[in-house]
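Student: Pasting in a structure now, in structure tokens, and then I'll have a few things to ask.
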Amino acid sequence: MTAIDTGPVPLRATPLGRIRKDYFSSPLSTAVSLLCFGLLLWIGWVLLDWGVLRATFSAEARQAECRAAGGACWSVIANRWRLILFGLYPYEEQWRSALACIAVIATMVLSCIPFLWTGKRIASVWALGFATFYLLMKGGLLGLPLVREEQWGGLALTLFIFTATAIIGMPLAIAFALLRNSTLPWIARTTGAVIDAVRSLPLISILFTCAIVLPFVLPDFVLQEKLYRVIAGSALFFAAYQAEIIRGGMQGVAKGQDEAAMSLGIPYRHRVARILLPQAFRNALPATINQFVITFMETSLVVVVGFFELLSSANAAFGTSEWTFAFVEVYVFVAFLYFIFVFGLSRYGAFLERRMATGQR
Amino acid sequence: MTVPAISIRGLQKYYGTYHALRSIDLTVRRGERIVVCGPSGSGKSTMIRCINRLEEHDGGTINVLGTELDDNIGNIDEIRREVGMVFQHFNLFPHMTVLENCTLAPMLVRKTPLAEAEAMAMKYLEKVRIPDQADKYPGQLSGGQQQRVAIARSLCMKPEILLFDEPTSALDPEMISEVLDVMTSLASEGMTMICVTHEMGFARKVADRVIFMDRGEIVEEGSPEDFFTAPKTDRGAQFLSQVLGH
Amino acid sequence: MALLQHQKSRNALLQILYVGVLLALVVTAALTARHNLQAQGILSGWNFLWKSTGWDMTFSLLPTSSSDPYWWVLLMGVLNTLFLGIIGLTFATLVGGLVGLARVSDNKAARLLGTIYLEIFRNIPLIVQVFFWYALANRLPSPRQAIEAGGALLSNRGIYLPGLNIAGWSVAAGFLTLALGLTLLLWLALARRFRRVPPVLRRRRGLAVMLVTLVTLAAIFFLGHTPGTPLLTLPELKGLNIRGGYRIQPEVYALAFAIAIYGGAYIGEIVRGGFIAVGTGQTEAAKALGLSEWQSFTRIRLPLAIRAMLPILTNQYVWLIKATTLGIVVGFADFFMVVASAITHSGQTLELIGILMAGFLIINFSLAAVMNRINRAIALKGHQNRS
């Protein structure tokens, strides 16, 4: 209950002093430290024991061997990884699926380079990555046998839905944001109503409507592959959220910017493309990356409308009676795959946020 | 006989129910240099912002270089190409270098080729005496430098008329003179200028005519000599005593 | 063409065109849909709401049967969504508060633990977590080998908690009374208008509220008590199944658990953000005034942090309520799942989609309205300088 805590000033410089300050500054702090470390050590040991020390890695092992060893049964992954990653894609063509995934991942990594952060450059990188992915997956050209969309699955399908959502959703989001910010009241209001309605709905209900309900109600010419209807729904949902993020970024652009451009006689489309959007996106970058993270995680919802993406193919991987016991291992593997993507992306977002915060000072 | 640079008749402007401009009449000859002064909220900025349609006027007519400023979009574009504006807060584009700030509008609006636009930009940057800062970003410059870039940016459109909206109000005192020097040299070259400012020394030296506004009206106008030594109205005298008094 | 050059007419034209095209799209879609549905023999209209459904709900708070009309079943769906939503939000907030506090604590070990928790559970999709916990719940031992823990029994049929032998209505009434009592207590403790009431009087008022609540509760339980049975029942194995006590089905607790864990990670980050938003200036001022650590935390940092986090918390709550729609993957009859089954069974697509949209709009807007009300009530008055 000391009013002014001067702290152990003389000890601060030494490593021992730092440890004392960080972990053992008071009896309560000491107790908390011990509890936390105890918990961490215990969880760490349990995971190590289960996942490595007593685990079975051999592809030949089955339930009996795994149970005897007492730990995780990674044999299920060794046997089923191709199903999890590529779904029902024809077995001898799965190298294409793998290459396609690498192409998309390369695109994602490339877009983290600031050099490519102009509208044209980033758009061409994504268009190129997406085209490569699509050609490799679908084939029917250059001697590659045609593989229809129904046969796509696993990680490749997850990545396809994600990139397609982003590529369609981003321009739509920009359009939504501009329309909602329009000085013409009826355009702004109508767009606002559409955006708010979409945002208030759960994504699952939108996917469900697109996949299951639309075929009953709409004429045949709007009905393409179910996959593309679901992507359209997902892109709409993404756009509604991203539009609000971009609009937030626009609010951070000083009003004088537009006035200066107007007084120079620059027409509307150039004012938007050259002055407003570049600055708005810069302001909205951390939130945008966060939205990408959420969108990536939400691609897994398409399992509800019957797609064979990563999560669904994981469910199938332990669906046979041979492997039902090994569901934990399969889920851990899938969770780990998602984690790599999402964690990487969100760390990058946090890094950018820090860099921008210091850059502004 | 040429048409006047700007001719304003019976200009009215409302913000909601607030009557911001009450029937303004003003004619500006080509090459004339006008200083507008008055207490804050007197409608000075609103008036010059009406001239290039940053504010839409509610009544009266504005004719710029023979073109009527009305709802016609073509006319608005034409006038904005010929009328440059310098703002209180500079309004440079922070994501572009100084050079890009200067070349953007000529390339987009006048379709000037890149090399030519850059040569012209460098010419005007030299004129405002900061050619060495061309590749920096606005955030890296001092306020006075930024305002000089803003002037150069306006000049790159080769405007007939330049509007200044309190160009020195946001500057630290030691930077005011470097901007006023540039403005003075522009004036000596015969540019048509309308300048909203509180810099009375500048007004005395450069202005052909001083316009004093209060509560949305032009209260008094005349040569700087007459206005500063013997204001004709009480409001003018009171304003002068407040500005010059300390 | 001359019209297009004119600013006002061009603006009017643009607006009419935009709204017109959107309206035309919606109307065409609705009309085609109606036409196609009629071709399948489905007449549009709201009469189906009074027909019986013919299917059972997997879970409902009030009694339902397959002969209940659609409107009742839909209402039960809304109730289920609210029920799970409130449980999920409450626990997510508790978990989030804990994680957030750990993340801003001075103790590095607590910070580390909080960070690890946050990074793991925030970066794995909620649906994967739901699947995982549900699979785990379903692989608990059968009732005959149920795990016992402090009077509760854990089995693959659900978690069985000790319960009271009282009628359903009195459970609901009991909860309502408890909620009312707690709200009243909080209001008495926090409302500005009681600030000048002397502490003795305040304490006396608080005690009175508590007493009234307890007496009411006892009366409700006494009235609802099934005669001839002991008041408290413990779950126990009878034959192949477990009887007595309250049963929580696997889909309910798996979903609630997943939402609490996942939502807790997000809310933890919001809580942390709220504390960071409180400037060091305020904390230093508190120290300089001689407030103790605890006083400075409860009187200065916490109240300011709560104000900073409330607006973001509202969005997160709306998001979490929408996340209850994941009920469909484990078979929990939330509002969305009920609507989806109603569509497949009755074919009244347009009407049901309309009901779904309206339902979520109402739920989200009322939640946001309540949160905004709280936010306005406690917001700092005037424009504040935070440093």
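Student: Residue by residue, what Karplus-based ³J(HN,Hα) values in Hz, rounded to whole numbers, does the range B:126-142 have, using 6.51, -1.76 and 1.60 with θ = phi - 60° and x for Gly and Pro?
Tutor: Karplus values, whole Hz, x for Gly and Pro: 5, 4, 8, 6, 9, x, 6, 9, 4, 9, 8, 9, x, x, 8, 9, 6.
Student: Additional query: For Cα pairs less than 8 Å apart in space and 6+ apart in sequence, what is the mean separation divided by the residue count of the range C:301-385, i.e. the relative contact order in percent?
Tutor: Result for the range C:301-385 is 39 percent.
Student: Most exposed first by the Cβ proxy, i.e. fewest other Cβ within 10 Å, how do C:M57, A:M137 rank?
Tutor: Placing the least packed residue first, the sequence is C:M57, A:M137.
Student: Please list, short to long, the whole-number percent of alpha-carbon pairs of the protein assembly as shown in consecutive 20 angstrom bins beginning at zero.
Tutor: The calculated distribution, bin by bin, is 10, 33, 34, 19, 5, 0.
Student: Let me have the relative contact order for chain A, percent, based on Cα pairs under 8 Å that are six or more residues apart.
Tutor: Normalised by residue count, the contact order of chain A is 17 percent.
Student: Given N residues in the range B:6-244, what is its alpha carbon radius of gyration divided by 2.2 N^0.38 Å?
Tutor: 1.01
Student: Ignore the peptide's own chain and count Cβ atoms of other chains within 10 Å of each Cβ in A:254-260; give me the average, rounded.
Tutor: Across A:254-260, the average partner-chain Cβ count within 10 Å equals 6.
Student: Under the definition of partner shielding as Cβ atoms of other protein chains within 10 Å of a residue Cβ, what is the mean value for peptide B:98-106?
Tutor: That works out to 2 on average.
Student: Checking the cross-link filter: which lysines have an alpha carbon closer than 22 Å to that of A:K120, excluding same-chain neighbours under 8 positions apart?
Tutor: B:K111
Student: From Cα pairs below 8 angstrom and at least 6 apart in sequence, can you work out the relative contact order of the range A:89-147, rounded to a whole percent?
Tutor: Normalised by residue count, the contact order of the range A:89-147 is 39 percent.
Student: Which parts of the range C:173-190 would a label at C:F222 reach, counting a residue when its backbone N lies under 20 Å from a point 7 Å out along Cα-to-Cβ?
Tutor: Hits in the range C:173-190 for C:F222 at 20 Å: C:173-178, C:181.
Student: Which pairs break 31 Å Cα to Cα here: B:K158/B:K205; B:K13/B:K136; B:K127/B:K232; A:K255/B:K13; A:K255/C:K287?
Tutor: B:K13/B:K136; B:K127/B:K232; A:K255/C:K287
Student: Moving on to the next point. Starting with the highest mean, order C:21-32, C:70-81 by the number of other Cβ atoms within 10 Å, averaged over the residues of each peptide.
Tutor: Per-residue mean Cβ counts within 10 Å order the peptides as C:70-81, C:21-32.
Student: On to the next question. Other chains near C:131-140: what is the mean number of their Cβ atoms within 10 Å of each residue's Cβ?
Tutor: Going residue by residue through C:131-140 and averaging, the value is 3.
Student: Please give, to one decimal in nm, the separation of the simple spin-label points placed at C:W46 and C:I378, each 7 Å out from Cα toward the Cβ.
Tutor: 3.9
Bear in mind these aren't lab numbers, they're just calculated from the coordinates by the rules spelled out. Worth saying up front: this structure is predicted, and the values here are computed from it rather than measured. Every residue, glycine among them, receives a Cβ derived from its backbone with ideal geometry; neighbour counts consider all protein chains shown.
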